[in-house]
Ligand code: ATP
Ligand code: MG
Ligand code: FE
């Protein structure tokens with residue numbers, strides 16, 4: 001089956017073509033308009049999606065089928081997939097409406113995909129994929145979850161954050177350090193030259209497999225308020241390394257607990273924060289010590305992308321899980 005998938009939940013417009021579970025293209029347009037506002041501006045995001053969506057789909061089709069004209073390639077598509085939830089409603093609407101219009105005009109089935117399930121299934125894109133059951137630590141800008149995957153469409157959230165997401169912990173800490181948005185990748189960069197044990201920040205004691213990150217931000221804020229002017233500039237690398245180290249500790253403690261509780265030894269990570277080099281290295285190390293098989297998606301499949309939507313849609317297509325044209329996007333949604 002050939003699937004054309006569209007992702008537009010936040011500030012990346014992306015399209016991907018997948019043939020029988022193999023990704024042929026994954027085109028991503030990042031939106032730069034938000035940088036000067038220090039965060040994603042929803043109205044600007046939907047406008048940018050509207051500008052980007054046709055060229056992005058065009059590019060994905062051309063990359064997948066270089067010999068054919070995009071309009072001819074469309075005839076070979078067996079289903080149109082889109083991100084239905086969760087995300088910014090105006091952003092989701094653009095992708096949803098476009099997908100529905102395509103499905104209607106081509107008379108092809110529509111597959112709606114949950115963005116957080118797709119982040120997990122990004123681990124099934126590459127050849128070296130985890131066997132079921134596996135655990136996935138999904139760490140992104142809006143979510144922090146531990147998922148037990150018993151099958152591609154049998155996913156269960158067994159732990160999650162009670163306040164901020166791991167990505168927010170990175171971005172909000174970065175903001176306190178005067179770094180521009182999104183600060184996560186910059187903390188990663190500076191942390192490479194810093195001492196992770198130099199400064200100690202609060203690690204919360206949260207029951208079960210749940211997380212909390214709001215205390216960390218406060219702990220960093222109070223710590224910085226006590227320092228002399230110029231302290232941040234002089235200690236930026238160590239500050240970044242120490243903050244990153246704290247976040248990774250909080251995350252890895254819980255995934256270790258989840259592995260002990262479930263007895264599952266295949267452990268994956270997913271979501272934008274799984275692009276963090278410290279987390280990637282620490283997970284590998286912990287996996288070697290614990291006797292796990294660990295899986296980490298390629299960078300382009302960690303942050304928002306349509307390839308993860310396409311692979312999820314492929315499994316739904318195989319089970320004939322189609323959507324009606326009446327289905328609309330929703331900003332929040334359990335699964
Ligand atoms: P959600 O998937 O929960 O709806 P989202 O789609 O906005 O949220 P992603 O795009 O998956 O989230 O991830 C974005 C987050 O990942 C941001 O908080 C960003 O700072 C963080 N991030 C990206 N790269 C890195 C990195 N190398 N180190 C730390 N954080 C990173
Ligand atoms: Mg994003
Ligand atoms: Fe995401």
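Any read-out appearing in this document is the output of simple, stated calculations on the displayed coordinates, not a laboratory observation. None of the values given here were measured: they were computed from a predicted structure. Cβ atoms come from the backbone with ideal geometry, glycine included; neighbour counts cover every protein chain shown.
Things worth noting here:
- Radius of gyration over Kirkwood radius for the chain, both on Cα atoms: the Rg/Rh ratio is 0.99.
- For the chain, the mean residue ellipticity at 222 nm estimated from helices alone is -13500 deg cm²/dmol, where every DSSP H run of n ≥ 4 contributes -39500 (n - 2.57) and the total is divided by all residues, rounded to the nearest 500.
- Length-normalised contact order for region 162-249 - Cα pairs under 8 Å, 6+ apart - percent: 43
- On Cα atoms only, tilt of 277-290 relative to the major axis of the chain in degrees: 80
- Shape category assigned to region 86-146 from the gyration tensor of Cα positions, a/c cut at 1.5: oblate
- The relative contact order of the chain, computed from alpha carbon pairs under 8 Å that lie at least 6 residues apart in sequence, is 25 percent.
- What the pair-distance distribution of region 189-335 shows, using all Cα-Cα distances binned every 5 Å from zero, is 2, 7, 13, 15, 17, 15, 12, 9, 5, 3, 2, 1, 0 percent.
- GNM flexibility winner over the chain from 315, 181, 222 (Cα, springs under 10 Å): 222
- Cα-derived Rg to Rh of region 137-220, Kirkwood definition: 1.03
- Two-decimal ratio, region 43-82, of alpha-carbon radius of gyration to 2.2 N^0.38 Å: 1.33
- Inter-label distance, residue 249 to residue 321: 3.9 nm, where each label sits 7 Å from its Cα along the C-beta direction.
- Computed on region 1-125, the Cα convex hull volume stands at 97 Å³ per residue.
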